[in-house]
Structure formats: C-alpha cells, structure tokens
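Computed from the coordinates by the stated procedures, all read-outs in this text should not be read as laboratory data. Everything numeric here is computed off the predicted structure, so don't read it as measured data. Cβ: placed from backbone, ideal geometry, glycine included. Neighbour counts: every protein chain shown.
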Amino acid sequence: VGALSNVDFGQTERLVRINSFDTGDLAHRDLDALINSKVLPDGIVIPKTESANDVRIVSEQLDSLGDVANDVRIVGMIESAQAMLRMDEILSSSPHRLDCVIFGADDYASDVGAIRTKTGEEMEFARNYLLLQTAAKKISAIDMVQIDYRDQEQLSKESVCSFQQGFSGKQVIHPLQIDTVQKAYSPSLDTITNA
C-alpha cells in the first residue's frame, strides 16, 4: 500500500492483488488497508474469484468511499470449475466496476485434474468459454500465462493466437515476456493504415 503513495509509476496502471477470500481474514485486511490508504490503486485484482459475492464485497467497499473511488476497477481471476459455472453471475455482479477477468489456467488445471502441456490444448474449452461469457457482457478477458518464460517462440504463437481469438491481453510472469506479448497485441502497420 505504501508503494501507491511513494513510487512514481508514471502512466502504468496500478493494480493491487489482494488475498483470495478463501484465506479468510487476510483478504478483508488487505481490502481495509487499500480502502484506508492515501492513494487508491487503479484497480483491485481478486484472485480465485469464486462467486458474485467476492466481487460485491470489493465493489461495496469502494462504493462506500464515494466519488474518490469512482474510477477504481475490479479484475476477477477465474481459476476453478465452480468459477466457470458461476461466470454469468460473477460477470453481472458489479457492472460499473468489474471490467476485466483473467483466466488462471494453472489453478484451474489443478482444480479439474488437467495436466498442463506446452501447447495448452487441455485449456481450450475453458479459454473459449471464458471468452464467450466475457464477450457477451462486454468485459475484457486476459488469457492464461505461458509458464515457460524462456520459450519466446511458444509465447509468440500463443499471444498471436489469443489476440486473434479476441482476448484483450495475456498474463505474464516474467519481464522477458512483456515485449513478445505487447508485439502480438499491437496493431500491424496494415491495420493502422486501413483505420
């Protein structure tokens, strides 16, 4: 929380990830610290978003601050079978704040008993279902992380594919991945010329 006041992030969006609500008091303490900080983040990330209630708790806390928190967004992380089944209610829970969800493929794979592979074929149904649900609600979808951060070729393929499928971005876990993902999600010269 101190970094929000003490670090110059420039034009970078400042999203703060709280603990998940299944950790009990930790999530609520994180949220209280953010709500009472001098500077609010641009968004709050809720890991393991399991229900609409998870989103509502954060949204109501932000709403209680009034106008000062009007622009603070919520980002949910869909990481389980239950979250997939409840996606419609999750996505409808706070239309004025929830503007993005991230597909957490590794926790999802663990939950459903899938084995993560280099190609990610085992995640196709979940990725497409998440994309369908978010597109219907006009909410941005962030694609799963490529876990081998050294494999730039695979990352490039995945990033181009997810961009073409309609994802708004791709999760990264290492600074080496940033340029590759940004390149895949940047408009081509033809697109710019024809705009």
Item to complete: Name the residue, out of THR49, THR23, THR119, whose mean-square fluctuation peaks in a Gaussian network model built on the chain with Cα pairs under 10 Å.
Response: THR23
Worksheet item: Around ARG17, which amide H atoms from residues at least 5 apart in sequence, or from another chain, sit under 5 Å from its own amide H, with H modelled in the peptide plane?
Response: VAL45
Discussion item. Given Cβ point charges of +1 (Lys, Arg) and -1 (Asp, Glu) and nothing else, what value in debye, to the nearest 20, does the dipole of the range 36-154 about its Cα centre take?
Written reply: 220 debye
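Of the listed pairs LYS118/LYS138; LYS38/LYS183; LYS38/LYS170; LYS118/LYS183; LYS38/LYS137, which have alpha-carbon separations greater than 28 Å here? Please list the in-between numbers first.
Numbers: LYS118/LYS138 30 Å; LYS38/LYS183 35 Å; LYS38/LYS170 30 Å; LYS118/LYS183 21 Å; LYS38/LYS137 33 Å.
Violating the 28 Å limit, Cα to Cα: LYS118/LYS138; LYS38/LYS183; LYS38/LYS170; LYS38/LYS137.
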Response to the item:
Connecting every pair of Cα atoms under 10 Å apart in the chain and solving the GNM, the largest mean-square fluctuation among ASP30, ASP99, ASP67 falls on ASP67
Response to the item:
For LEU98, other-chain or 5+-apart residues with amide H closer than 5 Å (H placed, Pro excluded) are ILE74
Worksheet item: Which aspartates and glutamates, on any chain, are close to LYS157 with Cα under 17 Å apart, when same-chain ones fewer than 8 places away are left out?
Response: GLU121, GLU122, GLU124, ASP143, ASP148, ASP179
Discussion item. Tell me which of ILE115, THR49, THR12 sits at the most positive position along the dipole axis of the range 2-144, charges placed on C-beta atoms (Lys, Arg +1; Asp, Glu -1).
Written reply: THR12
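If R0 is 35 Å, what FRET efficiency do you get for PHE125 and ASP67 from their C-beta distance, rounded to 0.05? Display every interim value, and only then the final one.
Values: r = 42 Å, r/R0 = 1.20.
The value I calculate is 0.25.
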Worksheet, complete the sentence: The ³J(HN,Hα) series, computed from each phi in the range 42-53 with the Karplus coefficients 6.51, -1.76 and 1.60 at θ = phi - 60°, rounded to the nearest Hz and given as x for glycine or proline, is 6, x, 10, 9, 9, x, 6, 5, 9, 7, 4, 4
Worksheet item: What would the Debye formula give as log10 I(q)/I(0) at q = 0.14, 0.16, 0.17, 0.19 Å⁻¹ for the alpha-carbon point model of the range 44-149, no solvent?
Response: -0.53, -0.67, -0.74, -0.88
Worksheet entry | Karplus (6.51, -1.76, 1.60) ³J(HN,Hα), θ = phi - 60°, over the range 91-105, in Hz, Gly and Pro reported as x | 5, 8, 6, 8, x, 7, 10, 6, 10, 7, 10, 10, 8, x, 5
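With loop defined by DSSP as not H, G, I, E or B, and exposure as at most 15 other Cβ atoms within 10 Å, which is the longest segment of the chain clear of exposed trypsin sites (Lys or Arg not before Pro)? If you can, show how the numbers build up before the last one.
Details: sites that count: ARG14, LYS38, ARG116, LYS118, LYS138, ARG150.
It works out to 39-115.
Over the chain, what number does the Rg to Rh ratio reach, with both radii from the alpha-carbon atoms and Rh per Kirkwood?
On the way: Rg = 17.2 Å, Rh = 17.7 Å.
Result: Rg/Rh = 0.97.
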Worksheet item: Based on DSSP H runs of at least 4 residues, each adding -39500 (n - 2.57), what is the mean residue ellipticity at 222 nm of the chain after dividing by all its residues, to the nearest 500 deg cm²/dmol?
Response: -13000 deg cm²/dmol
